[in-house]
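Following: one structure in structure tokens, then a few remarks.
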Amino acid sequence: MAPPHRPLSDERWPAELDRNGLAILDRAECLHLLTQSTLGRIGLTSGALPAILPVNFHFDGRRILVHTGPGTKLAAATHDAVVAFEVDEIDPFWHTGWSVLVTGIARHVTDPADLERISTLPLARWAPRGGGHVVSIAPELISGRRIEPTHAMPPQAG
């Protein structure tokens, strides 16, 4: 039986590995991978407790944009909170994949001209209700890792 997915491939494999043998992605590759995804996770503090929430997003080349309604994400954003944002792609058959982690300040977008421009972007919203607000996160710190196919082993048939 053929594998459900082919291993992730990219001609730009970095040579540097971290202490666990994962390839370290440079900032340019991390930013490129952000443009390839639409589902990520935002990590924030809510009521002095950590929270991680799945979100649809769009990366416009300079900031991560998220539609949201009133609540935790918006509350964090309107207070210019430092948040974490993570996006990844995993191939469970080949045990390959990548992950990008961004740290930045979340802001509630209120400028009418900016909101008009954002409304033309492919910024999905899966929730049946809510929305109406946009949060932006500028990537201040960014890092990424990739499990290279040369180090990954497909599962053994058994």
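The values are calculated or read from the model by the stated rules, or taken from the named source; none is laboratory data. Predicted model only: the values in this text are computed from it and were never measured. Please note: Cβ atoms are built from the backbone with ideal geometry, for glycine as well, and neighbour counts cover all protein chains shown.
What to note about this one:
- Residues that are in a loop (DSSP other than H, G, I, E, B), closer than 16 Å to Thr38 by Cα and among the acidic types (Asp, Glu) within segment 57-96 comprise just one, Asp60.
- Which numbered condition Gly71 fails, given (1) in contact (Cβ under 8 Å) with a residue 12 or more places away in the chain; (2) surrounded by fewer than 15 Cβ atoms within 10 Å (Cβ to Cβ); (3) closer than 28 Å to Arg145 by Cα: (3)
- Among residues of segment 83-96, those that are in contact with a strand residue (DSSP E or B) (Cβ under 6 Å, 6 or more places away or on another chain) and surrounded by fewer than 19 Cβ atoms within 10 Å (Cβ to Cβ), counted: 5
- Any hit, segment 42-61, residues being surrounded by fewer than 19 Cβ atoms within 10 Å (Cβ to Cβ), among the charged types (D, E, K, R) and touching a residue at least 60 places away in the same chain (Cβ under 8 Å): yes
- Residues that are within 20 Å of Ala81 (Cβ to Cβ) and part of a loop (DSSP other than H, G, I, E, B) within segment 98-130 comprise Thr110, Asp111, Gly130, listed in sequence order.
- Being modelled with pLDDT of 90 or more, in contact with a helix residue (DSSP H, G or I) (Cβ under 7 Å, 6 or more places away or on another chain) and not small (Gly, Ala, Ser) holds for only one residue in Val82, Val87, and it is Val87.
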